[in-house]
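Asks: Before I ask anything, here is the structure I am working with.
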């Protein structure tokens, strides 16, 4: 009878040992898959009835952009949303939609010239996840194109501070659309 209990203990120890290794393996797997860098996902995107003119900047913000453009002798076109833009190159590739993943190089500045963000190597974003000014402006060009966007606060980050961007800031972007998926 003593041998029977000893064998049962050995089986229990072996089972516990295997179970611990199995759990450790699962933990390691979750860590590696959880840290995997992923591409932006369009799974939650829906173009639906998106109307780029439905959100319009107030007259005071539009006037602030106009004043900036005039003071800097910049010619730009006004979009129905209050966004101003200048197309440097229209591009010849695919035109992005709200559900496109766009790869861009860009520089974002405040009207005082302070650069608050830039990427010269190319960054991929789901267009639907970006500020309204980009959702409206980027589809005005095709892949291979380049545009300058003058974004009133309502179409940017609004009245709240966002990182180094003060609330109610007019934003100035140069965007090169490298690819559209």
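Asks: Can you report the number of residues in region 144-158 which are in a loop (DSSP other than H, G, I, E, B) and either outside the structural domain of residue 80 (by TED's automatic domain parsing) or crowded, with 23+ Cβ neighbours inside 10 Å (or both)?
Replies: The total comes to 2.
Asks: Follow-up. Output the residues belonging to region 84-118 that are outside any loop (DSSP other than H, G, I, E, B), free of Cβ contacts under 8 Å to residues at least 60 places away in the same chain and exposed (fewer than 15 other Cβ atoms within 10 Å of the Cβ). Show your work before the answer.
Replies: Residues of region 84-118 that are outside any loop (DSSP other than H, G, I, E, B), as a first pass: 84-89, 101-110, 115-118.
From what is left, the residues that are free of Cβ contacts under 8 Å to residues at least 60 places away in the same chain are 89, 115-118.
Within region 84-118, 89, 115, 117, 118 qualify.
Asks: Let me ask something else about it. Consider region 119-131. How many of its residues are in a loop (DSSP other than H, G, I, E, B) and either at pLDDT below 95 or buried (at least 17 other Cβ atoms within 10 Å of the Cβ) (or both)? Talk me through it step by step, then tell me what you get.
Replies: Of region 119-131, the ones in a loop (DSSP other than H, G, I, E, B) are 130-131.
Narrowing further to those that are either at pLDDT below 95 or buried (at least 17 other Cβ atoms within 10 Å of the Cβ) (or both): 131.
Result for region 119-131: 1.
Asks: Something else about it: Got at least one residue in region 135-143 being buried (at least 21 other Cβ atoms within 10 Å of the Cβ) and not in a helix (DSSP H, G or I)?
Replies: Yes, region 135-143 has at least one match.
Asks: Give the number of residues within region 161-175 that are surrounded by fewer than 20 Cβ atoms within 10 Å (Cβ to Cβ) and either in contact with a strand residue (DSSP E or B) (Cβ under 8 Å, 6 or more places away or on another chain) or farther than 20 Å from residue 62 by Cβ (or both).
Replies: From region 161-175, those surrounded by fewer than 20 Cβ atoms within 10 Å (Cβ to Cβ) are 161-168, 174; that's our starting set.
Next, from what is left, pick out any that are either in contact with a strand residue (DSSP E or B) (Cβ under 8 Å, 6 or more places away or on another chain) or farther than 20 Å from residue 62 by Cβ (or both): 161-166, 174.
Here the count works out to 7.
Asks: Now for a separate question. May I ask you to list pairs of residues, at least six apart or on different chains, whose Cβ atoms are under 9 Å apart, with the first in region 159-181 being outside any strand (DSSP E or B) and the second being surrounded by 15 or more Cβ atoms within 10 Å (Cβ to Cβ) and modelled with pLDDT under 95?
Replies: 181/42
Asks: Considering every residue within region 52-68, establish whether at least one is surrounded by fewer than 14 Cβ atoms within 10 Å (Cβ to Cβ), out of contact with any helix residue (DSSP H, G or I) (no Cβ under 9 Å at 6 or more places or on another chain), part of a loop (DSSP other than H, G, I, E, B) and at pLDDT below 95.
Replies: There is at least one residue in region 52-68 that is surrounded by fewer than 14 Cβ atoms within 10 Å (Cβ to Cβ), out of contact with any helix residue (DSSP H, G or I) (no Cβ under 9 Å at 6 or more places or on another chain), part of a loop (DSSP other than H, G, I, E, B) and at pLDDT below 95.
Asks: Within region 70-83, which residues are outside any strand (DSSP E or B), surrounded by fewer than 19 Cβ atoms within 10 Å (Cβ to Cβ) and either in contact with a helix residue (DSSP H, G or I) (Cβ under 8 Å, 6 or more places away or on another chain) or touching a residue at least 60 places away in the same chain (Cβ under 8 Å) (or both)?
Replies: Within region 70-83, 74, 75, 76 qualify.
The values are calculated or read from the model by the stated rules, or taken from the named source; none is laboratory data. Values in this document were obtained by computation on a predicted structure and should not be read as measured data. Positions of Cβ are backbone-derived with ideal geometry, glycine not excepted, and every protein chain shown enters the neighbour counts.
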